[in-house]
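Where a number appears in this text, it was derived from the coordinates with a stated rule and is not lab data. What you are looking at is a predicted structure, and each value in this text was computed from that prediction instead of being measured. No Cβ is skipped: glycine too gets one built from the backbone with ideal geometry, and neighbour counts run over all protein chains shown.
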Amino acid sequence: MRLIEKHLSISPDTIEEIMIELREGTPLRKIGKMFGYSERIIKNVNEGTLLPIPGFRYPIRSKYTRETSC
């Protein structure tokens, strides 16, 4: 499967859920694990380079939250 085909399998509902997690400050890696996508794909959603919503302001979140080990 080509990477672009993987991108196209993301439903609009999933994109919306990812966007909600981004606004809430959830780390990219954690969002990726929640939805089964790479951190890079989540970053692309955040930046609007993957399935952008017309008229929506990007990036959704300008700072990235890193997970820290305890």
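Values for this structure:
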quantity	calculated
Note, ³J(HN,Hα) from phi for region 30-39, Karplus 6.51, -1.76, 1.60, rounded to Hz, x at Gly and Pro	5, 4, x, 5, 4, 10, x, 10, 6, 4
Length added when fully stretched, residue 44-residue 56, from 0.36 nm per residue minus Cα-Cα	2.9 nm
Distance between modelled label sites at residue 35 and residue 11, nm, 7 Å Cα→Cβ extension	1.3
Relative packing of 52-60, 31-39, which averages over residues the other C-beta atoms within 10 Å, highest first	31-39, 52-60
